[in-house]
Amino acid sequence: MFKHLRGDLFGGITAGIVALPLALAFGVSSGLGPSAGLYGAIFISFFAALFGGTNTQISGPTAPMTAVSMVVIAGIVAVNDGDINKALPAILTIFLLAGIIQIGLGLVGLGKYIKYIPYPVVSGFMTAIGVIILVTQILPAVGYYPKEDEQYVNQYVAEAEEKILENILREEAGEGILVLEDFEETIKRAHAITEADMLKEARTLAAKDASGVLGTFKVLPRAVRNINWMELGLALVTIFIIYGFKRITTAIPSTLVALVTVSGVAFGFGLDYRPIEQIPSGLPIPNLEIFTNFNLSTITPYIFTALTLALLGAIDSLLTSVVADNMTQTKHKPNKELVGQGIGNSIAALFGGIPGAGATIRTVVNINSGGKTRLSGMVAGVLLLIVLLALGPVASQIPAAVLAGILVTVGIGVMDYRGLKAIPHLPKDIKLGPLKLSSEVIIMLVVMVLSSIWNLVYAVGIGLVIASLMFMKKIGDITAQRSDVKPLREETWSDEKNLPENIKEEIFIKHIKGPLFFGSTTEFQQLASQIPDTASTVVIRMGRMQYMDQSGLYAMEDVLQDLKRKNVMVLLVGILDQPKYMMERIDIIPGLIPQEHIFESFKSCMNWVGQSSKNSNP
């Protein structure tokens, strides 16, 4: 590990510097604050490097993981009356569960299967992440915060009253109080509600309604009328420096230059700006309320989200691992990498950090700066810890608009432009009336739109289902085309050309090419109706049928039973191990097809047919 110490130190320090502004920005964007982003970067970077399977990978909060985390955080905070401190144990429990799931995925060896996630789903998701980050940063970039707009919040006072009353009734039901028999208790609790409580609930509802892409567009007219020109100026200058400084040199991260320059000028000149939340000083301490306040009912609705976080982190990390492999001419260990990422996310959750994954840009920076072993990732984590301990109070003075500007560039950069550019050129393989559409474009757009305006987690699930169905249809169509049911005289294989004419009249040969599965059973079931009246024997050649699923198995049984009722003899040729095993399980062999009607080669089958023909016509 220490053979490349100098390169690892320089690579880790450089990667850590690149990670610093992004960690703070992702923390703010998530809703847990800059310290959560910094804690996530520290622990994930260190422990994912220590236990992972990619030597040069730098891990930490990423745009996709942060976007999904926002869903979890916003949902649980809303349930807890807008109180982030009250919601924090449940939020961190979900993050911890995601890390544990990742460890489990690695231990059971599922790392190698991540590659089967269809590209259109990944492309649509990544573009949606960019859209979400870009749109949701418009409000902080112009200095507009809905829950601080009194006129906007006042619209939610009536709804806040209703929500508070619902909470009172729910509390009484939980305590076994019969509301209809004890109005006085309900009235007593209602009188205890203050105007401050009402206002707090109204602000929570206002913030929730203004969150996400649709929420941002909903309040955008108000934001435009209430622009804070100072905040907008800081954000625009940040964006300009990030893109402009790259044209001068890439040796120094432009994001860091923008963060330090704009923050320094704003603070030095005493500008009236909105700083980020206070970053706690001192060492991070574990949040033991995850265990002491554990409530299964609170996290149950988000278990699927935890699984999505785990899978998304796995995909993100392993894609970055492939990039690192290509740059270093090495080979990562996917399952070990998942275990390392899971350990990093689990420990980060215990200390209040947001989840993350392998970060491509930071990993590339590390490799280009000389990083060669896992020590570089650990150095990056230690550097961020030093920054936290030494510069926490200074970092707390960073303008919120600067981080919004940084996130705007992240949103623009994370979109999958390669996938978007390919949309006009992808093959149009679906017909809807007069329209011809591309199935891959449909999947990409469905995932992108649903992720942007509805729910990231459900959108990915729907995209996977659509992609799977379309893939299965394509495979079924291809298999059906290659496995047409035709009489011998219309289709012959090379070893069938010289058969005697009398045998050609008596037998019907069926070729099965490719798997017999649920997508191809319909065509196979038409076999019995296509047999000529002169045929008394059916030869099913199965040497090219590698696989049979349960649907194919029962389709085969139905066809064989139908042929048996018609007194047609069936001979199987070249049956492979898996289909034979399946057919033996439900007694097709030897129940419907005796062993003497199963042949290893077509030649031996024809010899048997010829001999049987002679015996029947002496």
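Data table
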{"quantity": "Amide proton proximity set for Phe599, modelled H, under 5 Å, gap of 5+", "calculated": "Leu572, Val573, Gly574, Ile575"}
{"quantity": "Binned Cα-Cα distances of the chain, short to long, each 10 Å bin given as a whole percent", "calculated": "3, 14, 20, 19, 14, 11, 9, 6, 3, 1, 0, 0"}
{"quantity": "Gap separating the Cα centres of the stretch 111-154 and the stretch 82-96, nearest whole Å", "calculated": "20 Å"}
{"quantity": "Charge-dipole axis of the stretch 180-273 as Lys and Arg at +1 and Asp and Glu at -1 on Cβ define it, positive-most pick from Phe267, Gly212, Ala190", "calculated": "Phe267"}
{"quantity": "Lysines whose Cα lies under 22 Å from that of Lys86, excluding same-chain neighbours fewer than 8 positions away", "calculated": "Lys147, Lys163, Lys200, Lys208"}
{"quantity": "Order by protection proxy (mean Cβ within 10 Å, highest first), peptides 424-433, 332-341", "calculated": "332-341, 424-433"}
{"quantity": "Net +/- balance of residues flanking Arg585 in space, Cβ distance below 15 Å, scoring K and R +1, D and E -1", "calculated": "-4"}
{"quantity": "Protection proxy ranking, peptides 280-289, 547-556, 254-263, average beta carbon neighbours within 10 Å, highest first", "calculated": "254-263, 547-556, 280-289"}
{"quantity": "In sequence order, calculated HN-Hα J values of the stretch 48-54 (Karplus, 6.51, -1.76, 1.60; Hz; x Gly/Pro)", "calculated": "5, 5, 5, 9, x, x, 10"}
{"quantity": "Ranked packing of 446-456, 186-196, most packed first, by mean Cβ within 10 Å", "calculated": "446-456, 186-196"}
{"quantity": "Subset of Lys473/Lys510; Lys513/Lys603; Lys564/Lys603; Lys112/Lys510 violating a 28 Å alpha-carbon distance limit", "calculated": "Lys112/Lys510"}
{"quantity": "Interchain or long-range residues, amide H under 5 Å from Val539's placed H", "calculated": "Phe508, Ile509, Lys510, Leu571"}
{"quantity": "Viscosity 0.692 mPa s, temperature 37 °C, Stokes-Einstein D of the stretch 422-480 from Kirkwood C-alpha radius, µm²/s", "calculated": "266 µm²/s"}
{"quantity": "Cleavage-rule hits (trypsin sites (Lys or Arg not before Pro)) in the stretch 214-297: DSSP loop, at most 14 neighbouring Cβ within 10 angstrom", "calculated": "none"}
{"quantity": "Exposure proxy ranking, count of Cβ atoms within 10 Å, fewest first, for Tyr273, Tyr113, Tyr39, Tyr145", "calculated": "Tyr113, Tyr145, Tyr273, Tyr39"}
{"quantity": "Positive minus negative residues near Ile103 (Lys, Arg vs Asp, Glu; Cβ under 15 Å)", "calculated": "+1"}
{"quantity": "Within the chain, percent of DSSP bridges classed antiparallel, to nearest 5", "calculated": "30 percent"}
{"quantity": "Charge sum, other residues only, whose C-beta stays under 15 Å from Pro253's C-beta, Lys/Arg counted +1 and Asp/Glu -1", "calculated": "+3"}
{"quantity": "Dipole of the chain, positive direction: furthest Cα of Gly552, Thr54, Leu5, with charges on the beta-carbon", "calculated": "Leu5"}
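Only the coordinates and a few stated rules stand behind these numbers; no lab work does. Since the model is a prediction, treat every value here as computed from it, not as a measurement. When we count neighbours, we look across all protein chains shown, and the Cβ atoms used for this are built from the backbone with ideal geometry, even at glycine.
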